1. Among A:ASN296, A:ASN316, which is the only one that is at pLDDT 95 or above, over 18 Å from B:GLY380 (Cα atoms) and touching a strand residue (DSSP E or B) at 6+ places or on another chain (Cβ under 7 Å)?
2. Only one of these conditions is not met by B:THR309: (1) touching a Leu at 6+ places or on another chain (Cβ under 6 Å); (2) closer than 22 Å to B:LYS173 by Cβ; (3) in contact (Cβ under 8 Å) with a residue 60 or more places away in the chain. Which number is it?
3. Which one is farthest from B:THR195 (Cα to Cα), of the residues in the stretch B:162-182 that are aliphatic (A, V, I, L, M) and not in a loop (DSSP other than H, G, I, E, B)?
4. Mind listing just one residue for me: the one in the stretch A:356-408 that is hydroxyl-bearing (Ser, Thr, Tyr) and surrounded by 10 or more Cβ atoms within 10 Å (Cβ to Cβ) and, of those, modelled with the lowest pLDDT?
5. Quick check on this structure: which one of A:LEU331, A:LEU317, A:LEU354, A:LEU371 is in contact (Cβ under 8 Å) with a residue 40 or more places away in the chain and either in contact with a helix residue (DSSP H, G or I) (Cβ under 7 Å, 6 or more places away or on another chain) or among the aliphatic types (A, V, I, L, M) (or both)?
6. If we keep just the residues of the stretch B:153-169 that are of a type in the set (Asp, Glu) and touching a strand residue (DSSP E or B) at 6+ places or on another chain (Cβ under 8 Å), which is surrounded by the most Cβ atoms within 10 Å (Cβ to Cβ)?
7. Please specify each residue of the stretch B:368-378 satisfying the condition of being more than 9 Å from chain A (Cβ to nearest Cβ) and surrounded by fewer than 24 Cβ atoms within 10 Å (Cβ to Cβ).
8. Is it the case that A:ALA175 is under 19 Å from A:LEU380 (Cβ atoms), at pLDDT below 95 and either of a type in the set (A, V, I, L, M, F, W, C) or not assigned by TED's automatic domain parsing to the domain that holds A:LYS298 (or both)?
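The values are calculated or read from the model by the stated rules, or taken from the named source; none is laboratory data. Just so you know, these numbers come straight off a predicted model, no measurement behind them. Cβ: placed from backbone, ideal geometry, glycine included. Neighbour counts: every protein chain shown.
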Amino acid sequence: MSVASYAQVFERCAAAWPAAQRRARRAKLEEFLRLGFPTRKLEDWRYTDLSALAERSFEPARRTAVALQDALLPRSDRLVYVNGELDRNASTADELSALVQTETPGATGVDALNAAFATPGLNLALGPHARLARPLHLILAGAANPQAAMTHQRHRIHLGQAAEAVLLVEFRGAAGGDRLVTQTFDIRLAPGSRLRLYRLQDEAAGSQLISRMDARLARDARIDIVCLDRGCGLARHDLNLELAEPGAEVELAGFYQPAAGAHLDNHTRIVHAAPHGRSRELFKGIVGEKSRAVFNGKIVVSPGAQKTDSEQRVANLLLAPRAEVDAKPELEIYADDVKCAHGATVGQLDETALAYLRSRGIADSDARALLRRAFALEVLDRIAWPALRDRAALLLGYPPPAETALEP
Amino acid sequence: MATQPEDLRELMRRREYRAGFVTAIESETVPPGLSEDVIRLISANKREPQWLLDFRLKAYRRWLTMEEPKWAHVHYPPIDFQAISYFSRPKSLAQRPKSLDEVDPKLLETYQKLGIPLKEQEMLAGVASPVAVDVVFDSVSVATTFKQKLAEAGVIFCPISEAVQEYPELVKKYLGSVVPFGDNFYAALNSAVFTDGSFVYVPKGVRCPMELSTYFRINERNTGQFERTLIIAEDGAYVSYLEGCTAPQRDENQLHAAVVELVALDDAQIKYSTVQNWYPGDEQGRGGIYNFVTKRGDCRGKRSRISWTQVETGSAITWKYPSCILRGDDSVGEFYSVAVTNNRQQADTGTKMIHVGKNTRSTIVSKGISAGYGQQSYRGLVRVLETAENARNHTRCDSLLIGDRCGAHTFPYTEVRNPTARLEHEATTSKIAEDQLYYCRARGISEEEAVSMIVNGFCKEVFKELPMEFAVEAGKLLAVSLEGAVG
């Protein structure tokens, strides 16, 4: 495997970095060169093959103009990056931008690559009892570059004791162009703090997006996450949640609907490291023609994490030929006084429900649309931010039903 | 009042392994080590034809290039494959006895002690329906009962080394056709050095008149056992086969690396049951068998059916995934498993269901019980290929945890490439409910009895798949394995 092109790009970029930074980055680059991109031989990368990236060459992406109108949500603050560069005109919270250097635990080659090239990202730190006045919308947009381009960013979100925030992370991309994007998030929630996190992915077909979020929850902290995936050529998300102290709580939901030709891989790992933790996880997917969806969810209950209450469910609708679903819900349990359950299904729209609807005069295509919508809404309805909920529903093809008068 | 954890630990220590004795018998054992010469020696010893020696050598050369699998959720020191002796047989069996009367009485006594009846008359006198038994002692088969009666029905049931001599065409046709010689590290090792095991052939349209069974016994120190079993059910045939196994109580680990191949043709049905009770090691984890086994059934014919039932109570380490390749249209695969890990036992076991044909169905029911410091994993794969229209799978994995030092893990893989497939997987992990225990105790049932009742209820779905006599046996074995372990 040759990853030499990345080293060449690094040398060209290095001059622009301060000396101290350069050393740290070089160490990361060397780590990357040693590890390379993960291969399918690694259990965690069994269904997603990045080895083709090794032979590729990407230039650092440059900012270009990009349309954002459709993304704007009322009554929220914005921090916008285009191809990894801060867009001050579009941002209302540009003071939150900073170069973030954090260590990633259990780093892979991708994490090392990300750290070696990282450009500034969101740096949100809330003090004790602080509360973000308005939801924060982090837009990580990609725009076409003349050559294949890459963007690597690192972000930090630290909430102090009993602090509260609502954050939307949006990955979006304009069509055209070939991009490699890596995004890393370091999230720490102090005791009693609460984060509502939305992750929305609507990248372009030519993009390869690898994102990773590591969150550590202290005593009685709570995180509510809704993840939505639509576009992208290849998207891989790692979401690692550690319930490090007693009483922490996780509410996690996801919905994926890969476009034709897309490969979506959601990896979640929830570690119950302390007693009295609670986690709920629900992922649903609708997988159409020529697309592939991967879900790998792991729940770990560490020794001593008694009274853990954990549930995980993944449901897939596989609706077309030449499509594939790979689901792997895992449990690793080292404590006995726990309640853990998981379930996984792959299937189609319910024939009896379809027959019921048709028998009431609803056309077959409408009946199918209705059932798909009902399937998706179980996740979409968990979005507690109405403007975002409506936009996401529209984006995924489930607009609110038209107000039609019922026949008398 | 529920039993306190201290009492549990005390109770767990009382567990005993009733098959742990050694038979004092003179054996011929080749010196430890593995090389082409050893393989040639084994082959020559068994007077094998050239093609089989070639098969062994091919497997050995492949094995040399392979790496030991490390992905299973088990931990053990590296195995020194040169410290194992690959062939051992009681001296008295250098010439295979023609009838039971010629068998060394010490050997017969061993089986009597283990409760395996070998005398046909005794069997027939009993109330239970007779079972034909093939007994394998270290590397060789001692005796096979009811051969005559089976032959009348056209069923071939004999040690595989005998089949190589008597029915070379059949063996040549099917050996390695389900588990290729280079399938995995342990399958390659087995293909190179396998010694004995059973061969079953049920011709077209024949329903095997009795249960068939093989009993494996490891006796000699520092040996490995490499059994090879091949079962073929022709069109419309039916056979039910059961294997059992035990080994002496020793402080060293011993390796058992078996390969079992099943072939079911059109409308054929094979029911394969295992009651695995290899020595599990002591409470500190000293000794015990490493049970690294490749079992695979090929539903080659239309409407064929293969069913695996396993009760795994023994072995220090288990690495085993009895699988079904559902090639024929409308074929059915089933896997029912109860696995117990107590003390320091580790098990990584499950199944693979590969759906290839149309309208193929599979069912997986796995019940894991983990106690003491036991670590247990269910690892299963359900794969639906593009060709498998209307494939259907239902999987259930339940784990019961007894004590706070053990672990129970679930790693199910689901891979679906056909939009008409319907798959469900569900899994739960919990401990024995306090209210159930309380209910039983309030009605005058002792703690141990109550636990035994609850555990038996937990496993019932699997036990009902076993032939009746063995279900009773399995229930007893479970009681022994968990004796006092629970509360």
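1. Working: A:ASN296 fails: over 18 Å from B:GLY380 (Cα atoms).
So the residue among A:ASN296, A:ASN316 that is at pLDDT 95 or above, over 18 Å from B:GLY380 (Cα atoms) and touching a strand residue (DSSP E or B) at 6+ places or on another chain (Cβ under 7 Å) is A:ASN316.
2. Among (1) touching a Leu at 6+ places or on another chain (Cβ under 6 Å); (2) closer than 22 Å to B:LYS173 by Cβ; (3) in contact (Cβ under 8 Å) with a residue 60 or more places away in the chain, the lone unmet condition for B:THR309 is (2).
3. From the stretch B:162-182, those aliphatic (A, V, I, L, M) are B:163-164, B:170-171, B:175, B:178-179; that's our starting set.
Add one more test, that the residue is not in a loop (DSSP other than H, G, I, E, B), and what stays is B:163-164, B:170-171.
On the way: B:ALA163: 12, B:VAL164: 12, B:LEU170: 18, B:VAL171: 14 Å.
Step by step, filter the stretch B:162-182, then rank; the result is B:LEU170.
4. Restricting attention to the stretch A:356-408, the residues satisfying the condition of being hydroxyl-bearing (Ser, Thr, Tyr) are A:356, A:359, A:365, A:398, A:404.
From what is left, the residues that are surrounded by 10 or more Cβ atoms within 10 Å (Cβ to Cβ) are A:356, A:398.
On the way: A:TYR356: 96, A:TYR398: 92.
Going through the qualifying residues, I end up with A:TYR398.
5. Numbers: A:LEU331 fails: in contact (Cβ under 8 Å) with a residue 40 or more places away in the chain; A:LEU354 fails: in contact (Cβ under 8 Å) with a residue 40 or more places away in the chain; A:LEU371 fails: in contact (Cβ under 8 Å) with a residue 40 or more places away in the chain.
It is A:LEU317.
6. B:GLU162
7. Listed by number, the residues that qualify are B:GLY372, B:TYR373.
8. On the way: under 19 Å from A:LEU380 (Cβ atoms): no; at pLDDT below 95: yes; either of a type in the set (A, V, I, L, M, F, W, C) or not assigned by TED's automatic domain parsing to the domain that holds A:LYS298 (or both): yes.
The answer is no for A:ALA175.
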